[in-house]
Amino acid sequence: MEEMVSLDNFQPFDGMKKMFPHHNFPYFNCEYNLYLTLAGYFKKDSLPILNNVVSIYRFDKQKITTKGYFKLEVLNLEEGDTLLAKMGISIRRKSPDIDALQDEIISSISNGHPISIFIDLFYQRGREFYFNKQHGLHPVLVYGFHLTQKEIYTVDDITEYRRYSLPFSEFKNGCMSVEHLKMPNYYWEYALKSPADQDGLLNKKLARSNIHEFVENMYRYQNEITESLKNILMLAKNFEFVITNETIIETLSSTIYRKCSEKYRLNTLYKYNMDHRNAKNTMDSLLDQIIDDWMLIRIYCTKAIHSKKFTKEIVDKCAGILERIYVNETHFNNQFFFMLQAAESL
C-alpha cells in the first residue's frame with residue numbers, strides 16, 4: 001500500500017475568501033462551506049446550495065440580558081440530505097469502531113469518497129473558545145491519510161477555512177467523547193450518485209431551473225423579509241441595554257458575515273444574467289454601505305466595552321447608524337425584488 005492516500009484536486013471552498021480576502025467569513029455557516037467544498041470536488045453547480053438560504057432579521061426584547069436578542073437568522077429551505085441528493089451526491093452514515101477508524105478512512109478515500117467526521121471540539125487544538133473548555137460536535141472534512149507519519153488531512157475552519165494536517169492520534173481523541181452518544185453515526189461518507197454534468201445545454205437548463213426556484217422562494221418569504229427589517233429599528237431603540245451585553249460583538253460579527261454571504265450570492269447570481277434592470281451598481285453600493293455600517297457599530301461597541309464607557313453619545317451614534325442601515329436595507333430590498341420580478345418575466 002502507498003504511504004499516502006489522498007483525494008485529487010480536493011480544495012476548500014474559497015469564494016468568500018476571494019471576495020473578502022482580509023476576513024475568514026463562511027458562507028452563512030460552516031455547514032454551507034462543507035456543502036460548497038463537496039460541490040467543487042464533485043463538479044456540481046453550486047447554485048442550489050447558494051439558493052437554499054433565506055436570511056431574516058429577528059429581535060426579542062425578552063432576551064436582552066442573555067443572548068439571541070438580535071440576529072440575522074438563517075432559514076434553510078431544504079435539509080442538507082435533500083439538497084445534496086438533488087445535486088446527485090449521496091450520504092452514507094456509519095459508526096465505525098474506534099479501532100477500525102483508520103482502515104475505514106483509508107477505504108473511503110481510496111474509493112474517491114470524501115468524508116465528514118464529527119469530532120468533539122473540546123479536544124481540537126486551536127479552538128480558543130472550545131479547547132479544554134467546552135464540548136460540542138463539529139463536522140470535519142477528511143480527504144487524506146499518511147500511513148507512515150500517521151497524519152490525517154482535513155478541511156476545517158480552526159483559524160481559517162483551509163486544509164490542515166494533524167496527528168491521527170490527536171484527531172482520534174475527538175471521536176471518543178461521550179458527546180458521540182448524541183450522534184452515534186459520526187462518520188459520513190459522500191459519493192456521486194450520477195456522473196458530473198457535461199452537457200452545456202443541460203447545464204443551462206439546470207441553471208435556469210435553479211434561478212426560477214430561487215425567485216419563487218424569495219417571493220414566498222418577501223413579506224416576512226420586508227417586515228423583519230423593522231427589527232433593526234427595535235435594536236436601535238433598545239441599544240442602551242444591548243451595548244452592555246457581553247455577546248454584542250459576537251452578535252454583530254455573525255450579522256456582518258451573513259450580510260457578506262448575501263453579497264457573495266448576489267454577485268454569483270449576476271453571472272446568470274439576472275440583472276435586466278441594470279440595478280447592480282445601486283444594489284452593490286447599498287449592500288457595501290450596510291456591511292460597512294454594521295462594521296462601524298462593531299468598532300464603537302468594541303471601544304466602549306474595552307474602555308467600559310457606555311456613554312449616551314456612543315449609544316445615540318450607534319442608534320443613528322442602525323436607522324441608516326434600516327433605510328438602506330429597505331431601499332436594497334425594493335431593488336432586489338424589482339430585479340427578481342424582471343428576471344422572472346423573461
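The values are calculated or read from the model by the stated rules, or taken from the named source; none is laboratory data. Since we're looking at a predicted model, the values are computed, not measured. As a convention, Cβ positions derive from the backbone with ideal geometry for all residues, glycine included, and neighbour counts pool all protein chains shown. Each accessible area value is taken on the protein alone, full model and side chains, heavy atoms only, with ligands, DNA and RNA left out. Shrake-Rupley method; radii C 1.70, N 1.55, O 1.52, S 1.80 Å.
The test for being at pLDDT below 90, open to solvent by less than 50 Å² (accessible area, probe 1.4 Å), over 23 Å from the mean Cα position of the chain (by Cα) and not hydrophobic (A, V, I, L, M, F, W, C) holds for Ser194. Tallying residues that are farther than 28 Å from Gly40 by Cβ and either within 20 Å of the chain's Cα centre (by Cα) or loosely packed, with under 14 Cβ neighbours inside 10 Å (or both) within region 130-149 yields 5. If I filter region 150-173 down to residues being among the charged types (D, E, K, R) and not in a strand (DSSP E or B), which single residue comes out as most open to solvent (accessible area, probe 1.4 Å)? Looking at the filtered set, the residue picked out is Lys150.
The one condition from (1) basic (Lys, Arg); (2) modelled with pLDDT under 95; (3) in contact with a Leu (Cβ under 6 Å, 6 or more places away or on another chain) that Arg298 does not meet is (2). For beta carbons closer than 6 Å, sequence separation of 6+ or different chains, a first residue in region 52-73 that is farther than 20 Å from Tyr326 by Cα and a second that is among the aliphatic types (A, V, I, L, M) and assigned to a helix (DSSP H, G or I), the qualifying pairs are Asn52/Leu83. Check whether at least one residue in region 121-128 is in a loop (DSSP other than H, G, I, E, B) and closer than 30 Å to Leu229 by Cβ, and report yes or no. No, every residue in region 121-128 fails to be in a loop (DSSP other than H, G, I, E, B) and closer than 30 Å to Leu229 by Cβ.
Restricting to region 17-59, name every residue that is surrounded by fewer than 21 Cβ atoms within 10 Å (Cβ to Cβ), more than 13 Å from the chain's Cα centre (by Cα) and among the charged types (D, E, K, R). Of everything in region 17-59, those that are surrounded by fewer than 21 Cβ atoms within 10 Å (Cβ to Cβ), more than 13 Å from the chain's Cα centre (by Cα) and among the charged types (D, E, K, R) turn out to be Lys18, Lys43, Asp45, Arg58. Within region 259-274, track down each residue that is surrounded by fewer than 17 Cβ atoms within 10 Å (Cβ to Cβ) and part of a loop (DSSP other than H, G, I, E, B). Residues satisfying the conditions are Lys271, Tyr272, Asn273.
Report yes if some residue within region 60-73 is under 19 Å from the mean Cα position of the chain (by Cα), open to solvent by 60 Å² or more (accessible area, probe 1.4 Å) and of a type in the set (Val, Ile, Thr); otherwise report no. Within region 60-73, none of the residues are under 19 Å from the mean Cα position of the chain (by Cα), open to solvent by 60 Å² or more (accessible area, probe 1.4 Å) and of a type in the set (Val, Ile, Thr).
Does Pro26 count as touching a residue at least 12 places away in the same chain (Cβ under 8 Å), closer than 15 Å to Val155 by Cβ and not assigned by the TED database to the domain that holds Phe214? Yes; evaluated as a whole, the condition is true for this residue. Please state which one of Asn33, Asn24, Asn51 is at pLDDT 95 or above and either of a type outside the set (D, E, K, R) or out of contact with any Gly (no Cβ under 6 Å at 6 or more places or on another chain) (or both). Only one candidate qualifies: Asn33. Evaluation of Met176 against the conditions (1) in contact (Cβ under 8 Å) with a residue 40 or more places away in the chain; (2) open to solvent by 40 Å² or more (accessible area, probe 1.4 Å); (3) within 24 Å of the chain's Cα centre (by Cα) shows that the sole unmet condition is (3). Restricting attention to region 82-116, and to residues there that are without any contact (Cβ under 8 Å) to a residue 12 or more places away in the chain and closer than 25 Å to Met176 by Cα, which single residue is least open to solvent (accessible area, probe 1.4 Å)? This residue is Ala100.
All conditions but one from (1) at pLDDT below 95; (2) outside the structural domain of Val142 (by the TED database) apply to Tyr69; the one that does not is (1). Only residues that are hydroxyl-bearing (Ser, Thr, Tyr) and either surrounded by 15 or more Cβ atoms within 10 Å (Cβ to Cβ) or touching a strand residue (DSSP E or B) at 6+ places or on another chain (Cβ under 7 Å) (or both) were counted in region 278-295, giving 1.
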